[in-house]
Amino acid sequence: MECPRPRHGTAKVPRARRPHARPRAGFLRVTTPWIVAGAGLAAAFVFVLLPRQIARGANSDGPTRLFVLFDVDMLRADCLTPYGYPRATAPNLQRIFSDGLVANRAVASSGWTLPTHASIFTSQTVAQHGVRSPIQRLPRDIPVLGEILSAHGIRCLAVTGGGYLDGRYGFNRGFEKYSGLLEPVADAVSRSLELINGAGDGPVFLFLHTWQVHNYAATERGALGAFGATAPLGDAWNEPVSTIMKRGSPYSEVQRAIWLSARYDAAIRETDEALADFENGLRARGLWVSTALLFTSDHGEEIYDRPVSTHGSAPCRGHTLPYLYEEAVRIPLLLRVPWRPELRGRIDAPVSSVDIAPTVLDAFDIPSAPSMVGLPLGRIASAGPRERAVVSEAPPYGAVAVFDGGHKVITRPGFRQKQWETGDWLDVLPARECFDLAADPGERTAISCEAPWARELLTRANRYIASSFPGALMLRAEPLGHPCTIDIRAAGPPDIDFFGMPPGARSKHSKLGDHVELGGLQGPVWIAVQPRDGDRSIALSISGCGTVQSAAGKQMPRTSEVAWSEVLWRGANELPRGTILFSVAPEQLPAREEVGHWKEIQAQLRSLGYLSARPSQTSKPRSPAPGKMLSLPPAGRIRIAITP
């Protein structure tokens with residue numbers, strides 16, 4: 001894959017109207033209400049937090065050991081010097097980590113900020129922690145990185161850009177100081193050094209997050225470093241990209257790609273220079289020799305990497321999209337730990353956002369919490385190449401990508417959807433795509449999904465989706481272009497969730513039960529039915545969804561009554577194609593929690609260009625006519641009627 005770069009010449013842009021305006025994002029908007037797919041699997045918070053003694057470093061006037069998590073929002077790995085990018089976007093990054101550990105295949109847990117950072121702080125996949133919408137916060141019963149560190153006597157400090165990193169989402173748990181302020185990365189570095197000055201001795205963890213690259217916030221210093229001049233950024237180079245785009249873009253796709261790529265690269269170089277400033281500040285304080293540094297991002301960005309279809313608004317530019325191509329999910333992940341000299345070289349095994357928290361804990365000789373699914377980078381590096389797969393999700397679209405290093409599969413609903421923030425129609429892409437990344441790193445040509453590796457990764461994707469709904473009865477409907485309806489009745493009103501909401505779906509609850517109409521869909525839809533009563537008796541009537549199979553591939557009769565255990569899928573076998581019905585083994589769920597002070601957080605997100613007053617086009621399904629009354633089976637049984 002190649003990071004977009006100018007092909008010929010420089011794109012002209014309008015002259016700045018506000019020459020000193022601070023850049024901010026301006027192309028994303030958030031809408032309500034939400035239907036959120038599933039809650040995640042989470043271990044109970046039973047981790048015993050026992051303080052450990054941390055050895056002192058050489059300097060006694062500051063932290064004995066300092067670990068810095070330097071998090072650059074929306075930063076693609078392929079646009080960085082250490083990952084082979086020819087433009088000088090990150091020479092300082094390459095120098096600093098020349099004797100460190102670099103992950104060649106790091107993948108974000110999701111395609112946007114909030115879910116990925118939930119994975120970073122909990123070391124859980126999105127399916128496990130369940131944070132899939134902007135109104136959700138981290139569940140309190142999942143231990144987070146700051147809590148574990150502080151319980152071991154490590155002072156936790158944070159300088160963030162706010163927005164989706166607002167402490168009220170739960171990221172501030174365990175932090176002594178946690179701030180959120182939209183500011184240039186240079187100012188964030190200065191504030192971080194001031195925090196370190198006042199930290200005293202003892203071990204310290206610092207979380208430093210910046211929106212500089214996310215906002216395409218080019219600076220003169222960044223432009224001179226990357227290009228030797230500001231000309232490639234246009235006359236209005238110091239005006240916010242969002243302001244320029246709102247005035248309308250008279251440029252061709254090629255010109256926009258040239259201009260935005262230049263802005264993006266200059267913002268990266270500014271961040272790289274700020275990283276060097278941070279290094280110099282620590283050296284001046286005598287702290288660099290006792291400072292560990294992990295540099296990463298939460299997701300990438302599509303910058304006109306692929307042709308724009310006439311059927312929708314993307315793929316072109318953005319990241320909260322259901323496509324999950326490499327430019328959106330491949331992230332940098334670099335580590336240096338001076339007191340761990342063995343941590344150096346390159347990691348070829350796939351790694352993920354869930355591996356960050358265990359890596360931080362490992363540097364302080366603290367074991368991971370039982371709820372954490374990631375591994376320390378050092379352990380992954382020492383194990384060498386081995387079978388490992390990592391997952392990235394695009395909530396709330398119902399799209400999942402699974403990587404095993406050299407191969408990748410992407411599963412999507414396969415029907416037309418609307419961008420959840422803007423309501424704009426998106427392109428329809430295949431429900432399944434499989435890629436050989438060794439031969440086709442840019443994912444330009446999908447190959448057959450019948451190869452053994454592809455079928456194994458597709459099974460992993462199905463297991464991941466099912467894990468979002470433990471204890472539920474799952475129906476994966478693959479309609480044949482005509483309306484598909486499901487009537488559901490339980491002793492108590494069940495929870496009904498979708499993994500990927502079809503825009504034509506309609507749902508209604510009445511005294512007769514729940515009635516769902518899916519419309520004439522062209523791709524698979526996952527529906528989870530979770531009983532809320534102790535009897536767990538459910539009656540289903542499925543019509544127009546074609547023949548229905550069990551997870552084992554056996555066609556189900558027109559009428560049947562089964563126990564939950566008889567349709568249980570344990571995830572070992574490959575799911576058949578077509579419409580299938582199965583149950584998922586129960587696990588303890590983290591309680592879904594909504595963030596408090598939502599109006600205040602909305603104001604922060606608007607300052608980042610995320611929110612709009614425009615009503616949602618991907619809201620709750622419309623209500624159809626009530627369904628039919630179904631008779632309930634005995635407790636613990638499922639009664640099924642099928643009309644193909």
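Those residues that are assigned to a loop (DSSP other than H, G, I, E, B) and surrounded by 21 or more Cβ atoms within 10 Å (Cβ to Cβ), I need them from the range 394-404; list them, please.
PRO395, PRO396, TYR397, GLY398
Restricting to the range 58-103, count the residues that are open to solvent by 40 Å² or more (accessible area, probe 1.4 Å) and either polar (S, T, N, Q) or not in a loop (DSSP other than H, G, I, E, B) (or both).
6
Collect the residues in the range 418-450 that are in a loop (DSSP other than H, G, I, E, B) and more than 21 Å from the chain's Cα centre (by Cα), keeping them in residue-number order.
Within the range 418-450, ALA438, ALA439, ASP440, ARG444, THR445, ALA446, SER448, CYS449, GLU450 qualify.
Conditions tested, residue by residue: (1) free of Cβ contacts under 8 Å to residues at least 12 places away in the same chain; (2) part of a helix (DSSP H, G or I); (3) open to solvent by less than 10 Å² (accessible area, probe 1.4 Å).
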| position | (1), (2), (3) |
| --- | --- |
| ILE356 | no, yes, yes |
| VAL360 | no, yes, yes |
| ASP365 | no, no, no |
| ALA369 | no, no, yes |
| MET372 | no, no, no |
| LEU375 | no, no, no |
| ILE380 | no, yes, yes |
| ARG386 | no, no, no |
| SER392 | no, no, yes |
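Which residues, counting only those in the range 405-447, are of a type in the set (Val, Ile, Thr) and either touching a residue at least 24 places away in the same chain (Cβ under 8 Å) or crowded, with 21+ Cβ neighbours inside 10 Å (or both)?
Once the filter is applied, which keeps residues that are of a type in the set (Val, Ile, Thr) and either touching a residue at least 24 places away in the same chain (Cβ under 8 Å) or crowded, with 21+ Cβ neighbours inside 10 Å (or both), the range 405-447 yields VAL409, ILE410, THR411, THR422, VAL428.
Return yes when LEU581 is crowded, with 16+ Cβ neighbours inside 10 Å, over 19 Å from ALA477 (Cα atoms), touching a helix residue (DSSP H, G or I) at 6+ places or on another chain (Cβ under 7 Å) and touching a residue at least 24 places away in the same chain (Cβ under 8 Å) and no when it is not.
Considered against the rule, which asks whether it is crowded, with 16+ Cβ neighbours inside 10 Å, over 19 Å from ALA477 (Cα atoms), touching a helix residue (DSSP H, G or I) at 6+ places or on another chain (Cβ under 7 Å) and touching a residue at least 24 places away in the same chain (Cβ under 8 Å), LEU581 comes out as no.
Which of the residues that make up the range 451-501 are open to solvent by less than 20 Å² (accessible area, probe 1.4 Å), free of Cβ contacts under 8 Å to residues at least 60 places away in the same chain and not in a strand (DSSP E or B)?
Correct list: ALA454, GLY492, PRO494.
Just to be sure, is LEU282 modelled with pLDDT of 95 or more and either part of a helix (DSSP H, G or I) or hydrophobic (A, V, I, L, M, F, W, C) (or both)?
yes
Mind checking which residues of the range 502-528 are of a type in the set (A, V, I, L, M, F, W, C) and open to solvent by 10 Å² or more (accessible area, probe 1.4 Å)?
Once the filter is applied, which keeps residues that are of a type in the set (A, V, I, L, M, F, W, C) and open to solvent by 10 Å² or more (accessible area, probe 1.4 Å), the range 502-528 yields LEU512, LEU521, TRP526.
Which one of these is under 23 Å from GLY636 (Cβ atoms), within 33 Å of the chain's Cα centre (by Cα) and outside any loop (DSSP other than H, G, I, E, B): ALA528, ALA551, ALA585?
Going through ALA528, ALA551, ALA585 in turn, the sole match is ALA528.
Can you go through ALA563, ALA591, ALA539 and tell me which one is under 23 Å from ALA635 (Cα atoms), touching a residue at least 24 places away in the same chain (Cβ under 8 Å) and open to solvent by 10 Å² or more (accessible area, probe 1.4 Å)?
Just a single option satisfies the conditions, and that option is ALA563.
Quick one: would you say ALA439 is more than 30 Å from THR291 (Cα to Cα) and at pLDDT 90 or above?
For ALA439, the condition - more than 30 Å from THR291 (Cα to Cα) and at pLDDT 90 or above - is met.
Against the condition in a helix (DSSP H, G or I), at pLDDT below 95 and not small (Gly, Ala, Ser), how does LEU260 come out, does it pass?
The answer is yes for LEU260.
Please determine whether any residue of the range 485-504 is in contact with a helix residue (DSSP H, G or I) (Cβ under 7 Å, 6 or more places away or on another chain) and among the aromatic types (Phe, Trp, Tyr).
Taking every residue of the range 485-504 in turn, at least one turns out to be in contact with a helix residue (DSSP H, G or I) (Cβ under 7 Å, 6 or more places away or on another chain) and among the aromatic types (Phe, Trp, Tyr).
Of everything in the range 343-354, what is more than 20 Å from the chain's Cα centre (by Cα) and surrounded by 21 or more Cβ atoms within 10 Å (Cβ to Cβ)? Give them in sequence order.
Result: LEU343, ILE347.
The values are calculated or read from the model by the stated rules, or taken from the named source; none is laboratory data. Source: prediction; values computed, not measured. Glycine also receives a Cβ, built like all others from the backbone with ideal geometry; neighbour counts cover every protein chain displayed. Ligands, DNA and RNA are excluded from the accessible area calculation, which covers all protein heavy atoms including side chains. Shrake-Rupley method; radii C 1.70, N 1.55, O 1.52, S 1.80 Å.
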